[in-house]
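Written below as structure tokens is the structure these notes are about.
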Amino acid sequence: MPGSVDDYMAALPDWQRRLANELVESVMQAAPSLAQAIKWGQPVFESNGPVCYFKGHKNHLTFGFWRGAALMEIDDRLETSGEKMAHMKFTDESKLVKSKIKKLVKAAVELNRTLGNPTKSR
């Protein structure tokens with residue numbers, strides 16, 4: 001298991017590594033105070049609990065949010081099968097829209113600030 005986000009990204013295929021770098025850059029520009037860690041086997045960005053994550057798969061890279069279902073109006077690429085989490089799948093680098101990623105991250109950080117840690121029961 002990778003020890004850091006950088007280790008995780010280094011092990012990705014080239015196109016996913018480039019995409020992950022763009023995602024991390026966008027996430028950190030949107031919310032520079034987010035902590036980065038490997039949790040649940042993937043890079044997770046946290047502020048008052050987990051905010052967003054990404055994960056490499058064989059043919060795509062998933063980028064998701066713990067409170068993504070509440071963010072679906074910001075980006076229609078988000079998909080969910082539950083009431084809280086939502087994600088988008090990237091199959092290449094061309095689908096990344098940095099301005100939307102930043103808007104999503106800022107909104108997700110604000111949800112955690114106002115609603116608390118999404119992993120805690122209310």
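The values are calculated or read from the model by the stated rules, or taken from the named source; none is laboratory data. Note that this is a predicted model, so its numbers are computed, not measured. Please note: Cβ atoms are built from the backbone with ideal geometry, for glycine as well, and neighbour counts cover all protein chains shown. In case anyone asks, the SASA skips ligands and DNA or RNA and just uses the protein heavy atoms, side chains included. Shrake-Rupley method; radii C 1.70, N 1.55, O 1.52, S 1.80 Å.
Can you tell me the 0 to 90 degree angle between the C-alpha axis of helix 98-115 and the longest principal axis of the chain, rounded to 10? That helix lies at roughly 40 degrees to the long axis. Per-atom-type breakdown for segment 1-119 gives carbon and sulfur 49% of the accessible area (1.4 Å probe, protein chains only). For each pair in Lys55/Lys89; Lys58/Lys120; Lys39/Lys84; Lys55/Lys95; Lys84/Lys120; Lys58/Lys102, compute the distance between the two Cα atoms and list the pairs where it is over 20 Å. Flagged as over cut-off: Lys58/Lys120; Lys58/Lys102. Angle, helix 14-30 long axis vs. longest principal axis of the chain, Cα atoms, 0 to 90°, nearest 10? Value to nearest ten degrees: 30. For segment 37-74, the set of trypsin sites (Lys or Arg not before Pro) satisfying both a DSSP loop assignment and a count of at most 13 other C-beta atoms within 10 Å is given as Lys58. The mean accessible area for residues of the chain, using a 1.4 Å probe and ignoring ligands and nucleic acids, is 54 Å² per residue.
In a DSSP loop and with at most 10 other Cβ atoms within 10 Å, the chymotrypsin sites (Phe, Trp or Tyr not before Pro) in segment 32-63 are Trp40.
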